[in-house]
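Undergrad: Handing you this structure, nothing more for now.
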Amino acid sequence: MKNWRQPSVLPGFGLTLGYTLLYLTLIILVPLAALVWRSTGIGWGPFWALAFDQRTLLALRVSFGAALIAAAINVIFGVVVAWVLVRYQFPGRRLLDAIIDLPFALPTAVAGISLAALYAPKGWVGQIFAPLGIKIAFTPLGIVIALIFVGLPFVVRTVQPVMAELDRELEEAAATLGANRLQTLSMVVLPTLVPAILTGFALAFARAVGEYGSVIFIAGNVPYVSEIAPLLIVIRLEEFNYAGATSIACIMLIISFVMLLVINMLQMWSRRRYSNV
Amino acid sequence: MDVKIKNIRKEFARFPALHDLSLDIASGELIALLGPSGSGKTTLLRLIAGLEQPTEGKIFFGDQDASLKSVQERNIGFVFQHYALFRHMTVAENIAFGLKVRPSATRPPKAEIRRRVSELLDMVQLSGLEKRYPTQLSGGQRQRVALARAMAIEPSVLLLDEPFGALDAKVRKELRRWLREFHDRTGHTTVFVTHDQEEALELADRVVVMSQGRIEQVGSADDVYDRPGSPFVFSFIGESAELPVTLSSGQIIFQGHPIGAAEPGEGEGKLFFRPQDVVLTDEQDALFGKVTACRRLAGTRIAEIDIANHGHAYHVEIEVPLDAPVTLGAELRFRPTRWKVFLATQ
């Protein structure tokens, strides 16, 4: 580690590293530092009181819980969707491929309103479930559905290219050795996809934790039940309770950072374990 | 186990890859499928494995119609050109894979699998590397892991696709000898695909020469080299020269002059001979041409000769003794001692 500067045919290490650090500082670190500074400015005692308020804790639980569940569901169905897009030729495949990206582009509020209309007890989908006693819109279940909607493209788009690169000979080799389709999938195909799946999970999860627009229309926003943390922050801001807002934001920041760090480490481990690079 | 291929035809999206092809492979035989790229040799191998389905025709393993069986049921050992090792598994896990995926009724117990793996590692001379991952091995070692993995299921037929294609020349030679010994020891019916004629001639009991989806000739190394059955085989295997001739009343006519006695037949044809099967001569009815280049090749000398032909020239290469008086630009007379004429109508 004596000399970080590796001789290289492409010059510019100093320039690019300097630019990267400056850029990250201005765009990410300064706003986050200000946030932490504002929230701790009120002193530890009030900070803890605000942070561990019952309503805050439940909102955080709804936010992170729903985000985890949605990301997990997205992993399963995102992998299936990617598989269909990569492996099969069928009319309309390109169209379907393009539709995957729509949740990226659609204003999230539009998504939230249409999902709420669909899943409300009188909505097209909601009226199927209403007689069964299942309420979707205006409950945590509705939040999960909105988060699945916004997170799906992340999983599909990270897994799809890796899947397309998969060597078909590996599956043929497994078949000649007597493995059936299920064994080939679980022992040969999926393990090589694990790093990509984890990346997709992390992105879908991160997006879901920060999601606001689509959720507030379908969540019902009942305090202690279906109120997400970002909404609570907005509520605190509207009450001019800046300290309260920044404390919640700060806690969200810490939890998100720790979770993403863990996922990243898992991913590094899986990359070593499963692809041996 | 013997393998019978009966009137196989294979089309890919209307493009014919194999035309009505039949082949009998005896039990324990080592067979090479030899041909240029696009000749259909890999397709044939994949059909035997069941990785492709024939458009028409049948394949028998012993008395059983293998066409009715899936890849999994055929119990074949297939070694892929690029090995297709499972990168997330260790060498030992790769080799054990075929045993682990068996249904519990026929799956050997864990200790037995471990014993078999170490036995196979011994056999391919890789003991001590069981904990390594494929990326930590050299090309030759990966090749042998792939072979051990295929052998673990005790296949009835061993199929190898360009087994030495991705290796450097020295490793290739070693592995070639090693595979021959391996085959002699285990006695498996083995079919391998290659575009390297030296490899096919040296290694195989019988060579199947293929071109454009057809079998040109099946025979021992001596057969295909000394008694080529078609113009393609003559020019594909070994060095050869080719001249247009006419057969007429027992004579071979080249450029209007008889140059020797012919086998029976009449009409247009092509005369083939090998560079080493010629003698220099002064006779008037010999072939003659201008020496355009002369180069030393190990123990002999190769002369490049242009035989004049109305403006352009037939280019042939012949071997000449080291002490023969060959001067660039001078005329040289020679006569093939062994040759073969293929008539155009044949």
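The values are calculated or read from the model by the stated rules, or taken from the named source; none is laboratory data. All values reported here derive from a predicted model rather than from experimental measurement. Counting neighbours? That spans all protein chains shown, and the Cβs are built from the backbone with ideal geometry, glycine included.
Condition check ((1) touching a helix residue (DSSP H, G or I) at 6+ places or on another chain (Cβ under 7 Å); (2) within 21 Å of B:LEU51 (Cα to Cα); (3) among the charged types (D, E, K, R)) across all residues:
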site	(1), (2), (3)
A:GLY151	yes, no, no
A:THR184	yes, yes, no
A:PRO191	yes, no, no
A:PRO195	yes, no, no
A:ARG236	yes, no, yes
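Undergrad: Further question: Out of B:GLU29, B:GLU56, B:GLU52, report the one residue that is within 14 Å of chain A (Cβ to nearest Cβ), in contact (Cβ under 8 Å) with a residue 40 or more places away in the chain and of a type in the set (Asp, Glu).
TA: Details: B:GLU29 fails: within 14 Å of chain A (Cβ to nearest Cβ); B:GLU56 fails: within 14 Å of chain A (Cβ to nearest Cβ).
Unique residue meeting the criteria: B:GLU52.
Undergrad: When only residues in segment B:13-26 that are under 14 Å from B:GLN212 (Cβ atoms) and in contact (Cβ under 8 Å) with a residue 12 or more places away in the chain count, which is surrounded by the most Cβ atoms within 10 Å (Cβ to Cβ)? It would help to see each step written out before you state the result.
TA: The first filter runs over segment B:13-26 and keeps only residues under 14 Å from B:GLN212 (Cβ atoms), leaving B:15-21.
Next, only the ones that are in contact (Cβ under 8 Å) with a residue 12 or more places away in the chain stay: B:16-21.
On the way: B:PRO16: 14, B:ALA17: 19, B:LEU18: 27, B:HIS19: 15, B:ASP20: 14, B:LEU21: 22.
Here the residue is B:LEU18.
Undergrad: Among B:LEU85, B:LEU44, which is of a type outside the set (Gly, Ala, Ser), surrounded by 21 or more Cβ atoms within 10 Å (Cβ to Cβ), within 16 Å of B:ARG149 (Cβ to Cβ) and out of contact with any His (no Cβ under 8 Å at 6 or more places or on another chain)?
TA: The conditions single out B:LEU85.
Undergrad: Here are some conditions: (1) without any contact (Cβ under 8 Å) to a residue 40 or more places away in the chain; (2) more than 14 Å from chain B (Cβ to nearest Cβ); (3) of a type outside the set (Gly, Ala, Ser). A:ILE228 meets all but one. Which one does it not meet?
TA: In the conditions (1) without any contact (Cβ under 8 Å) to a residue 40 or more places away in the chain; (2) more than 14 Å from chain B (Cβ to nearest Cβ); (3) of a type outside the set (Gly, Ala, Ser), A:ILE228 misses (1) alone.
Undergrad: On to the next question. Do we find a residue being modelled with pLDDT under 90, within 14 Å of another protein chain (Cβ to nearest Cβ) and surrounded by 13 or more Cβ atoms within 10 Å (Cβ to Cβ) anywhere in segment A:253-269?
TA: yes
Undergrad: Follow-up. Quick check on my filter: what residues within segment B:294-346 are more than 13 Å from B:GLU242 (Cα to Cα), of a type outside the set (D, E, K, R) and in a strand (DSSP E or B)?
TA: Those that are more than 13 Å from B:GLU242 (Cα to Cα), of a type outside the set (D, E, K, R) and in a strand (DSSP E or B): B:CYS294, B:LEU297, B:THR300, B:ILE302, B:ALA303, B:ALA308, B:ASN309, B:HIS312, B:VAL320, B:LEU332, B:PHE334.
Undergrad: Can you tell me which residue among B:SER22, B:SER67 is at pLDDT below 90 and in the same structural domain as B:ALA111 (by TED's automatic domain parsing)?
TA: Going through B:SER22, B:SER67 in turn, just one is at pLDDT below 90 and in the same structural domain as B:ALA111 (by TED's automatic domain parsing): B:SER67.
Undergrad: Next up: Sort through A:VAL80, A:VAL144 and tell me the only one that's over 23 Å from A:PRO223 (Cα atoms) and either touching a Gly at 6+ places or on another chain (Cβ under 6 Å) or assigned to a helix (DSSP H, G or I) (or both).
TA: Sole residue among the options that is over 23 Å from A:PRO223 (Cα atoms) and either touching a Gly at 6+ places or on another chain (Cβ under 6 Å) or assigned to a helix (DSSP H, G or I) (or both): A:VAL80.
Undergrad: Answer yes or no as to whether A:VAL159 is within 20 Å of A:ARG271 (Cα to Cα), facing chain B (nearest Cβ under 7 Å) and crowded, with 20+ Cβ neighbours inside 10 Å.
TA: Spelling it out, it is not the case that A:VAL159 is within 20 Å of A:ARG271 (Cα to Cα), facing chain B (nearest Cβ under 7 Å) and crowded, with 20+ Cβ neighbours inside 10 Å.
Undergrad: Could you tell me whether segment B:71-86 includes any residue that is at negative phi and more than 10 Å from chain A (Cβ to nearest Cβ)?
TA: no
Undergrad: Here's a follow-up. Can you pull out every residue in segment B:57-74 that is farther than 22 Å from B:VAL218 by Cα and surrounded by fewer than 20 Cβ atoms within 10 Å (Cβ to Cβ)?
TA: Once the filter is applied, which keeps residues that are farther than 22 Å from B:VAL218 by Cα and surrounded by fewer than 20 Cβ atoms within 10 Å (Cβ to Cβ), segment B:57-74 yields B:ASP63, B:GLN64, B:ASP65, B:SER67, B:LEU68, B:LYS69, B:SER70, B:GLN72, B:GLU73.
Undergrad: So B:PRO16 clears everything in (1) at pLDDT 90 or above; (2) over 30 Å from B:ARG144 (Cβ atoms); (3) not polar (S, T, N, Q) except one condition, right? Which one?
TA: The failed condition is (1).
Undergrad: In addition: Name the single residue that is nearest to A:ALA164 (Cα to Cα) among those in segment A:178-212 being part of a loop (DSSP other than H, G, I, E, B) and more than 13 Å from chain B (Cβ to nearest Cβ).
TA: Filtering segment A:178-212 for residues that are part of a loop (DSSP other than H, G, I, E, B) and more than 13 Å from chain B (Cβ to nearest Cβ), the one nearest to A:ALA164 (Cα to Cα) comes out as A:GLU211.
Undergrad: Further question: Pairs only if they're at least six apart or on different chains, beta carbon under 6 angstrom, first in segment A:108-125 and without any contact (Cβ under 8 Å) to a residue 24 or more places away in the chain, second assigned to a loop (DSSP other than H, G, I, E, B); list them, first residue then second.
TA: Close Cβ pairs (under 6 Å, with a partner that is assigned to a loop (DSSP other than H, G, I, E, B)) amount to A:ALA117/A:GLY123; A:LEU118/A:TRP124; A:LEU118/A:VAL125; A:ALA120/A:ALA137.
Undergrad: Which helices (runs of 4 or more DSSP H) does segment B:149-244 wholly contain that include 2 or more residues that are within 17 Å of B:MET1 (Cα to Cα)? Write out each step before concluding.
TA: Numbers: elements: B:169-186, B:197-203, B:221-226, B:231-236.
Result: B:169-186.
Undergrad: Okay, next question. Condition first: loosely packed, with under 13 Cβ neighbours inside 10 Å, over 17 Å from A:MET187 (Cα atoms) and more than 10 Å from chain A (Cβ to nearest Cβ). Now tell me which residues in segment B:93-110 satisfy that.
TA: The answer is B:ALA105, B:PRO109, B:LYS110.
Undergrad: Within segment B:132-142, which residues are assigned to a loop (DSSP other than H, G, I, E, B) and either on the phi > 0 side of the Ramachandran plot or surrounded by 18 or more Cβ atoms within 10 Å (Cβ to Cβ) (or both)?
TA: B:TYR133, B:LEU137, listed by residue number.
Undergrad: A further question follows. Do the conditions hold for B:LEU297, that is, is it of a type in the set (A, V, I, L, M) and surrounded by 14 or more Cβ atoms within 10 Å (Cβ to Cβ)?
TA: no
Undergrad: Does segment B:285-319 hold any residues that are under 18 Å from B:GLY238 (Cβ atoms), of a type outside the set (Asp, Glu) and touching a residue at least 40 places away in the same chain (Cβ under 8 Å), and which are they?
TA: B:VAL316, B:ILE318, listed by residue number.
Undergrad: Now for a separate question. Tell me yes or no: at least one residue of segment B:334-342 is in contact with a helix residue (DSSP H, G or I) (Cβ under 7 Å, 6 or more places away or on another chain) and in contact (Cβ under 8 Å) with a residue 60 or more places away in the chain.
TA: Within segment B:334-342, one or more residues are in contact with a helix residue (DSSP H, G or I) (Cβ under 7 Å, 6 or more places away or on another chain) and in contact (Cβ under 8 Å) with a residue 60 or more places away in the chain.
Undergrad: Within segment B:323-332, how many residues turn out to be touching a Gly at 6+ places or on another chain (Cβ under 8 Å) and hydrophobic (A, V, I, L, M, F, W, C)?
TA: 1
Undergrad: Please go through segment B:248-279 and pick out each residue that is small (Gly, Ala, Ser), over 20 Å from B:THR345 (Cβ atoms) and surrounded by 17 or more Cβ atoms within 10 Å (Cβ to Cβ).
TA: B:GLY260
Undergrad: Go through segment B:248-275 and give me each residue that's part of a strand (DSSP E or B) and either modelled with pLDDT of 85 or more or in contact with a Ser or Thr (Cβ under 9 Å, 6 or more places away or on another chain) (or both).
TA: B:ILE252, B:ILE253, B:PHE254, B:PRO258, B:GLY267, B:GLU268, B:GLY269, B:LYS270, B:LEU271, B:PHE272, B:PHE273
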